[in-house]
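In what follows, a structure is listed as structure tokens, so that the remarks can point back to it.
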Amino acid sequence: MQQVSAGLQDVLGLTQWRKEHPKATWAEIEAAVDEQINQLRAQLLQDVVQMGETEDWSQKSEAERPKCATCGKPLWARGKQTRYLQTTGGEAVKLMRTYGACPACGVGFFPPL
Ligand SMILES: [Zn+2]
């Protein structure tokens, strides 16, 4: 982790930031690190989630498709839409996801990951 940290300081611009803020307080440094790490965290999440992308469920049989949470009917795919997920770091992660709609009760939602 120490090696990763040393490399990240440059990549995230924190080495430069520290030079520009030689008298920064602990809280200011922590805020600067958090901001960069949260952005990196969001990007990592996005990349790792999409790495494990499985086949599109819209092509699957009814039995394999996600079910409506209300009535249990298999969902109909409503095309790919952008889904924004909020990370615990406060950043937004953008994913392309197949949106589903229930043919029986009409609710629409993104099935869980
Ligand atoms: Zn339903």
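The values are calculated or read from the model by the stated rules, or taken from the named source; none is laboratory data. As the structure is a computational prediction, the values presented were derived from the model and not from experiment. Cβ placement follows ideal geometry from the backbone for every residue including glycine, while neighbour counts extend to all protein chains displayed. Please note that ligands, DNA and RNA were not included when accessible areas were found on the heavy atoms of the full protein model with its side chains. Shrake-Rupley method; radii C 1.70, N 1.55, O 1.52, S 1.80 Å.
Only residues in the stretch 63-78 that are on the phi < 0 side of the Ramachandran plot count as the first member; pair them with residues that are crowded, with 17+ Cβ neighbours inside 10 Å and among the polar types (S, T, N, Q), Cβ under 8 angstrom, at least 6 apart or cross-chain, and list the lot.
Ala77/Thr98; Arg78/Thr98
Looking at (1) modelled with pLDDT of 90 or more; (2) near the ligand (Cβ under 10 Å from one of its atoms), which is the one condition that is false for Ala69?
Of (1) modelled with pLDDT of 90 or more; (2) near the ligand (Cβ under 10 Å from one of its atoms), only one is false for Ala69: (1).
Of all residues in the stretch 104-113, which are within 14 Å of the ligand (Cβ to nearest atom) and open to solvent by 40 Å² or more (accessible area, probe 1.4 Å)?
Ala104, Cys105, Gly106, Val107, Phe109
Tell me which of these Glu28 doesn't satisfy, since it passes every other one: (1) surrounded by 12 or more Cβ atoms within 10 Å (Cβ to Cβ); (2) more than 24 Å from the chain's Cα centre (by Cα); (3) outside any helix (DSSP H, G or I); (4) of a type outside the set (A, V, I, L, M, F, W, C).
Unmet condition: (3).
Could you grab me the full set of residues in the stretch 57-77 that are under 24 Å from Asp47 (Cα atoms) and either among the hydrophobic types (A, V, I, L, M, F, W, C) or open to solvent by 60 Å² or more (accessible area, probe 1.4 Å) (or both)?
Trp57, Gln59, Ala77
State whether one or more residues within the stretch 83-106 are in contact with a Cys (Cβ under 7 Å, 6 or more places away or on another chain) and of a type in the set (Gly, Ala, Ser).
Yes, there is a match, as at least one residue in the stretch 83-106 is in contact with a Cys (Cβ under 7 Å, 6 or more places away or on another chain) and of a type in the set (Gly, Ala, Ser).
Is it the case that the stretch 32-46 has a residue that's in contact with a strand residue (DSSP E or B) (Cβ under 7 Å, 6 or more places away or on another chain) and of a type outside the set (Gly, Ala, Ser)?
The answer is yes, given that some residue of the stretch 32-46 is in contact with a strand residue (DSSP E or B) (Cβ under 7 Å, 6 or more places away or on another chain) and of a type outside the set (Gly, Ala, Ser).
Just name the residue that is least open to solvent (accessible area, probe 1.4 Å) out of those in the stretch 78-103 that are out of contact with any helix residue (DSSP H, G or I) (no Cβ under 7 Å at 6 or more places or on another chain) and among the polar types (S, T, N, Q).
The residue in question is Thr82.
Residues of the stretch 63-113 being under 16 Å from the mean Cα position of the chain (by Cα) and not in a strand (DSSP E or B), which ones?
Result: Thr87, Thr88, Gly89, Gly90, Glu91, Phe110, Pro111, Pro112, Leu113.
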